[in-house]
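Notes for the one structure printed next.
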Amino acid sequence: MDDLIHAAPATPGLSARVKPRHPLSPLDAGEIRAVMAIIRDDAAFGPGFLFETIELKEPTHDALAAVTAGHAVPREARANIFLGDKPGIWRLTVSLSDRVITASAFLATAKPMIQLEQFLAIEGVVRAHPDFIAACARRCITDMSMVCVDPWSAGNFGVPGEEGGYLSHTFSWLRLRRDENFYAHPIEGINAVVDIKAGKVIRVDDYGVMPIPMAEFNYEAQFRESFRPSLKPLDIIQPEGPSFVLDGHAITWDNWSLVIGFNAREGLTLHDIRVDHRPIVNRASLAEMVVPYGTPEGGHFRKNVFDIGEYGLGKLTNSLELGCDCLGHIAYLDVDLNTMTGDVFHIDKAICIHEEDDGILWKHWDFRTERTEVRRGRKLVISSIATVGNYEYASYWYFTQDGMIEFEMKATGIINTSACVPGQPSKYGTEVAPGLQGHIHQHAFCARLEMAVDGPGNSVVECNTFAEEDDAKNPYGNAFYQTETVLESEQAAGRRANPQTQRFWKVINPNKTNHTGKPVGYKLYPEHVLTSYLKPGSPSGIRSAFMTNHLWVTKYDPEERYPGGEFMNHSTGAGGITDFISHDRKLVNTDLVVWHVFGLHHQPRTEDFPVQPCIKAGFKLMPSGFFDQNPGIDLAPGVNKASKLAGSSSCCAG
Ligand SMILES: [Cu+2]
């Protein structure tokens, strides 16, 4: 029982002491170091190489199936490596079991993700460049140590001199004093273009001077003189501990089981998700996101950033704090990732696991007998939070007692700001404080779901509801009905939501039926969809093509992992979802990947500054004909004895 974790560990480093490792457990520190050593010892590579990503090469579905037959799965890693003074990326497969590189491909035009270690280096070279210093001087800024330079990805706009570059395009702000919120003081109009590998500024654009808003708007407690009276404590008490059992990276809770993974790019990944031992999803992750900004002004048109593909949510994941980020009885998983230069980057308490009350799950009062049945629901929550520059992205996966899987993204942090003439914000922005505006933008997310509803062999059905048009069948004008259409091939399965028909999609297993004889299924209801305003042929539109639909379905291919393509820095738009579906593979009764695009349409509010309350978007996978009846019907009745009447002496003392 030493490997089983029922509650928050007393000490960090949980993952390091759990043995044996599940085949889908992320690489640990020792394995990451081993991959680096294998590459550096290989005569074809050597010690000069830098590491973009090192991650588990996840076993195939067939290899995982063999685990249950008692066979060990060899551990393999994917490694993307590059050189500091040459273009291209080497994409390697490394066998940890045999300690050799088993596959190697050189991609001459691919560029690495912008690495965490490069953020401050980019700021340093920009702040030291004479053209940038001169541009700051034109704005009466002489203390360059107070200038903050954010390294945005540069996109691919065909600008002369930028061809083929591994570039960053920067935006700048002014910090007035220590710890002060510099996003209140945009230095408008200056953008530096940096060749990241060369560590050189290749150009400084100056679109003209705009006064810097100098009023302070801080969010740190140290800058506040007063706070509103605190509410009374609200404690989550679980006197017997939480109900989940964590065995390394495998978790069981109520009638659920799954394996928790993690990598530098996607962050959290969930595997082999089952309810009542019946598979639903082989692998679930947030595979890409893009944040297009809607203004053509100055250098802001370049803001179309792929936070997962160009930076990596995993690498930017926070170390969470008990009692602040996470409330209740918490279990944490640490993660280990690679640094660019060949070390291990450890994130303590990166993944939070806990339970939450979920209100009532079901209730009925029989008014004739005056008998009431009610069951409270609870949910398991698996979460992590990443900081990408000014924004925080908090990812929450929920599992409920009625068989539902829900993903919720909470976006918080600080809006990207620019300066404007007070009272005269741009057509494309909102003035959030005098002389300070936030441009309209969107946060588009793409979930990648390897479906396995009740086992292999799935199809996707589109459901639409229509009013009955035949008056003979609809004499009272009330009739409406739902149709179901199988999406038979990849081209046909690129679909958009349609509120006029209450459209949703259902992943069914035509080989398994419920007690009404219908195929079992899980429905995906598109609750938070976006309209993309990027012109399809435009520089950002080409690279963000996955935004054009809310649903894509592809035949399972473990190498088709990212809807925008694998190498997003300065990408051309190739290698993503539109290429995946170009062969129009058949989708009926086969191994499927569902890609769901959803997001936040964000016209900033004054309330979003100086720090934005969480705004949320997500989706639900809900059983639909999967169970023969309410899956929460077997919950035992119970009364929470810790609940009290408000106003009673025990709750209102003092
Ligand atoms: Cu936003």
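If the condition is being touching a Pro at 6+ places or on another chain (Cβ under 7 Å) and within 16 Å of the ligand (Cβ to nearest atom), then the stretch 442-462 contributes only Q442. Evaluating E488 against the criteria (1) within 16 Å of the ligand (Cβ to nearest atom); (2) surrounded by fewer than 22 Cβ atoms within 10 Å (Cβ to Cβ) leaves one unmet condition, (1). Scanning the stretch 300-325 for residues that are surrounded by fewer than 21 Cβ atoms within 10 Å (Cβ to Cβ) and not in a loop (DSSP other than H, G, I, E, B) turns up F301, L322.
Give me the strands (runs of 3 or more DSSP E) completely within the stretch 431-475, filtered to those with at least 2 residues that are more than 27 Å from the chain's Cα centre (by Cα), ordered by residue number. Quick ask: steps written out before the conclusion?
Values: elements: 436-439, 441-451, 459-467.
Per the criteria, 459-467.
For the residues G647, G632, the requirement of being modelled with pLDDT of 95 or more and small (G, A, S) singles out G632. Restricting the search to the stretch 390-404, which residues are part of a strand (DSSP E or B) and either surrounded by 20 or more Cβ atoms within 10 Å (Cβ to Cβ) or within 16 Å of the ligand (Cβ to nearest atom) (or both)? Answer for the stretch 390-404, where residues must be part of a strand (DSSP E or B) and either surrounded by 20 or more Cβ atoms within 10 Å (Cβ to Cβ) or within 16 Å of the ligand (Cβ to nearest atom) (or both): Y391, E392, Y393, A394, S395, Y396, W397, F399, T400.
Considering the stretch 602-624, the residues that are buried (at least 18 other Cβ atoms within 10 Å of the Cβ) and within 13 Å of the ligand (Cβ to nearest atom) include one that is farthest from D402 (Cα to Cα), namely F609. Just one of the numbered conditions (1) in a loop (DSSP other than H, G, I, E, B); (2) in contact (Cβ under 8 Å) with a residue 24 or more places away in the chain; (3) more than 16 Å from the ligand (Cβ to nearest atom) is not true of V594: (1). In the set (1) in contact with a Gly (Cβ under 9 Å, 6 or more places away or on another chain); (2) not in a strand (DSSP E or B), T387 fails one condition alone, (2).
Checked against the criterion of being farther than 28 Å from I577 by Cα and out of contact with any Phe, Trp or Tyr (no Cβ under 9 Å at 6 or more places or on another chain), the candidates G457, G477 yield just one match: G477.
In the stretch 405-430, of all residues being within 13 Å of the ligand (Cβ to nearest atom) and assigned to a loop (DSSP other than H, G, I, E, B), the one that is farthest from R278 (Cα to Cα) corresponds to N416.
Condition test on V507, is it surrounded by 19 or more Cβ atoms within 10 Å (Cβ to Cβ), in the same structural domain as L551 (by TED's automatic domain parsing) and more than 27 Å from D454 (Cα to Cα)? For V507, the condition - surrounded by 19 or more Cβ atoms within 10 Å (Cβ to Cβ), in the same structural domain as L551 (by TED's automatic domain parsing) and more than 27 Å from D454 (Cα to Cα) - is not met. Of R368, R376, all but one fail to be in a strand (DSSP E or B) and surrounded by fewer than 22 Cβ atoms within 10 Å (Cβ to Cβ); the exception is R376.
The values are calculated or read from the model by the stated rules, or taken from the named source; none is laboratory data. All figures in this text were calculated on a predicted structure; none of them were measured in a lab. So basically every Cβ, Gly included, is an ideal-geometry build from the backbone, and we count neighbours across all protein chains shown.
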